[in-house]
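Presented below is the structure to which this report refers.
The values are calculated or read from the model by the stated rules, or taken from the named source; none is laboratory data. In this text the structure is predicted, and so the values were computed from the model without any measurement. Cβ placement follows ideal geometry from the backbone for every residue including glycine, while neighbour counts extend to all protein chains displayed. For accessibility, only protein heavy atoms count, side chains too; no ligands or nucleic acids. Shrake-Rupley method; radii C 1.70, N 1.55, O 1.52, S 1.80 Å.
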Amino acid sequence: MTKDGAARTWRVRGWIRIAGVVAIVLLGIQQASVIHFVRAGQMDPREMGDGFVFIGMVALVVWFLAFRPRVRIDANRIVEIRNPLRTTRFSAADVVECRPTDLGLQFRLRDGSTPWSIVFQATASFGEPRWFDVAEAVTGNRPTLPDGGEDNG
């Protein structure tokens, strides 16, 4: 959430989303080649159907892993974590800690539950990690980098 109380949203990085779309486009180009060879009688017609099924499966995976996930904090300080299959909502006031894990940004709540978001994995970053903005918006405190100046996330 910004200082003026407006909602704030974080999504999977743009380059990852673009890479997913490019992969689908490349599969579509390859599928056009398969269609050509099927029409020429050089490939089994079942290959065409298999290709469409595979492209559809890849498109679903890209949608669920790159386009659906998000972390949103609304003007009322309600945090919404939308992962591929589940959406979790809780009050920012209930958050005790935020920390990155290999699977994503984990929130520890007062009731002991630990919802997490795949939007922010513990990966190398240049400068401050993106999850610092989320932690500050949720807890009101900005995390600091270790003495080495490098952190994951």
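Once the Cβ-Cβ distance between A93 and R11 is put in as r, and R0 is 30 Å, what FRET efficiency do you end up with, to the nearest 0.05? So, using R0 = 30 Å, E works out to roughly 0.80. Ellipsoid semi-axes for the chain, based on the Cα gyration tensor and the rule √(5λ), read 41, 17, 13 Å when sorted largest first. Note that segment 14-98, at 37 °C in a medium of 0.692 mPa s, gets a Stokes-Einstein diffusion coefficient of 209 µm²/s from its Kirkwood radius over C-alpha pairs.
Helix content alone sets the calculated 222 nm mean residue ellipticity of the chain: runs of n ≥ 4 DSSP H residues at -39500 (n - 2.57) each, divided across all residues, give -11500 deg cm²/dmol. Extension gain for the segment F67 to T144, taken as residue separation times 0.36 nm less the Cα-Cα distance, is 24.8 nm to one decimal. Amide H to amide H distances under 5 Å link L105 with S117, V119, F120, where only residues 5 or more positions off or on other chains count and H is placed in the peptide plane. Looking at the chain, the accessible area is 62 square angstrom per residue; that uses a 1.4 Å probe and ignores ligands, DNA and RNA. Helix 46-62 and the longest principal axis of the Cα set of the chain meet at an angle near 10°. Can you send over the carbon and sulfur percentage of the accessible area for segment 1-147, probe radius 1.4 Å, protein chains only? With neighbouring chains kept in place, the figure for segment 1-147 is 58 percent. Computed from Cα atoms, the angle from the helix 14-39 axis to the main principal axis of the chain rounds to 10 degrees. Extending 7 Å from the Cα toward the beta-carbon at both D133 and I18 defines two label points whose distance is 1.7 nm. The relative contact order of the chain, computed from alpha carbon pairs under 8 Å that lie at least 6 residues apart in sequence, is 19 percent.
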